[in-house]
Amino acid sequence: MESNFSNSDSTLKPINNISKIQNKVRKDTVFSENDEYGRRPTYAKKRKEKKDVVFYTNFEEVLQKVNAFGPYQIFCFIVILYASIEWAGNSTFMHVLGSFEPDWNCTLANNNTVKITAPTNDSSCAYIKKNCKSLSPIKQNLEFFSIVGQFQLICDDEDKVEYIEVIMAGSSLIGSIIGGHMGDHFGRQTIFFTGELLIIITSMMCTAAQSWIAFAAIQGVNCFIYGVIETTSLTMMVEFTSNKYRVIMVNAFQWPIAYMTSALIAFLTKGWQVYFVFLNLVSSPLAIGFMLFLESPRWLIARNELSQACDVLNDIAHQRWNNTKARFTTKDISAIHKTEKQGFYWFYHLFRFLNIQVSNFSTKRLAKQSCLQIISVLTYAMVSNTYLFTVTGLHGSILCVSQIISPFSDSAIMFTFLDGVFRLFVPIVIVIFDLMVPSFGRKIQFLGSLVIEGILFGVIIALVATGTCTYDSKPVTILVIIATMINDCIFWINIVQITTQRYPTVIRCIAFGFLHSFRHIGAIIGFIILKPLLTSNWSTGAFVIPEAMIILTIIVGFFFQPETKGKALMDQMVEANYGRMENELPRALMRLAAGHRVDQSEMRQIHRKAMESAKAAELMGQKVESPWVFKEKEGEKEDKKED
């Protein structure tokens, strides 16, 4: 028999027909490294990879698997922070830079020129109407040329600046409402990339505006799209992370870096048209970043789109992002979705009273919370409007503030820059305290910020009412700036976080649209009420109204605002009215046990009275048929008689 080994050579020779041998052996045979030299094959079955049985009962467990604050969430935070440059540069342009008034050259009938210093008032406007053959802005040594100078929005056209701001606020209001409903019915990612692209396009188009009407119309479209994206992006960001890190994601919508960048662009460009060109050039890379955003997996699960939710979660857990190596299937997350009839949700469901009796009380949680949110947002808007009208609304006030915060400059650009610098540190401090101090809850921040604002506005009212200071004086301006920083960086952030927790996923985007719409309504109310009060004989009223709103919000918030820190988000409407199952089940058992204990106490009281009356009757020698009276047996009675 021929051997595979040669007697003359001790080295191994490869076998040519190794493929024939492999065909004859079992399929589960595992060969060692040198089997081509004829070594005996090892018969061992391949071990199947064992997959751990995973059963997720809530979305917080899923977030732990994919990392609640990993590279993907950090990427989203940076992109939104970057997008705020574009958003703030457009939506707040008219607050300071766009409404800055230059000095004017008045050409008389004899072709001589007279310089008219800004800001124009009734006397200067009367002089212009009577003597000026033509009027032109002075661009020499001008730090920034605004649309007020471009379209001569002074004197009879002075109110056109307010018209533009009202159009922009109204467009954002409509966009917030539509965006909220689109986000809850079609997804948070709806027109996300397309909307940001349209914002850039419309912002570029306004540079070609030949009148204030054209500028207002284009900016109205821009703010409408921004209202849609603002609502959907905020909802998406708070759903990507856990309760611990949500305060970080929400602060991506703060605008300190945006204000500083806008001020830098304005300083370099010197004019409103070139300003918008470079603003959009800086923001154009956003288009790529927005393409990489994923749909909210929490919303997909709530809508029972489990397959798509698994795709998104697996993408986030992939090594290109969080690299947690977690894999999800529809079976893994099927228990998270609670079977519920999916109706067409809209604003009505934020106030819906579900009078279903549960333990003898009806649930009206959403309606009460929605009313509280309206009061809170209107209070925020009133305080912000006071800042806009007393500090940034008038040319002289801008100069006053600039001299306060920068003694060497009277620049509106410098004011915008330092406005961003001052807003930069408060959110950082709040985030550190929120993460490091567990007792530093949402309700404490909510009420604490309101108390500080109320004290500051009380001092302002005392100064203005007594005639000690005017509404545009330095002491009043400093107090208004401090109150506004607290209002934007603490109070508003807590309104957002409370809204996130108190409304379920299926209507959360509608709730945020509702929130932003009332903020814009408050801005419009400010234009109608607060600004005329400042120039009236009762300028104190412009501060009394916000103070009254602050006091009302403190009272209502103290009694009705719950603590939401550390609480998981809700996903379905039934949870919104009765609470999450894992939270409410122990409470229900406790209520059942308490009710049982009360019933037992009542029965014991009845039995005790029956026993006492029976014992008393027995002592009196009466024959009583009662279970509480001891009955002797017949034999025992006879023994007693014999004795």
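The values are calculated or read from the model by the stated rules, or taken from the named source; none is laboratory data. This structure is a prediction, so every number in the text was calculated from the model and none was measured. Counting neighbours? That spans all protein chains shown, and the Cβs are built from the backbone with ideal geometry, glycine included. These area figures cover heavy atoms from the full protein model, side chains too; ligands, DNA and RNA do not enter into them. Shrake-Rupley method; radii C 1.70, N 1.55, O 1.52, S 1.80 Å.
I need the calculated FRET efficiency for the pair Val556 and Ile178, taking r as the beta carbon distance and R₀ as 22 Å, to the nearest 0.05. For Val556 and Ile178, the calculated efficiency is 0.15. The listed peptides 218-231, 548-561, ordered by packing as a protection proxy, come out as 218-231, 548-561 (highest mean of other Cβ atoms within 10 Å first).
The residues of segment 152-285 expose, per residue, 35 Å² of accessible area to a 1.4 Å probe. Among the listed pairs Lys368/Lys567; Lys160/Lys443; Lys65/Lys565; Lys129/Lys531, a Cα-Cα separation exceeding 29 Å is found for Lys160/Lys443.
Given their separation in residues at 0.36 nm each and the Cα-Cα distance between them, Ile529 and Gln605 gain 20.9 nm when the chain is fully extended. Counted residue by residue at 0.36 nm each, then reduced by the alpha carbon distance between them, the extension gain from Val274 to Ser536 reaches 90.6 nm.
Between segment 504-557 and segment 264-324, the C-alpha centres lie 31 angstrom from each other. Here segment 119-278 exposes an accessible surface that is 64 percent carbon and sulfur, computed with a 1.4 Å probe and the other protein chains kept in place. Here segment 416-537 has an Rg and Dmax of 17.0, 53 Å, counting Cα atoms alone.
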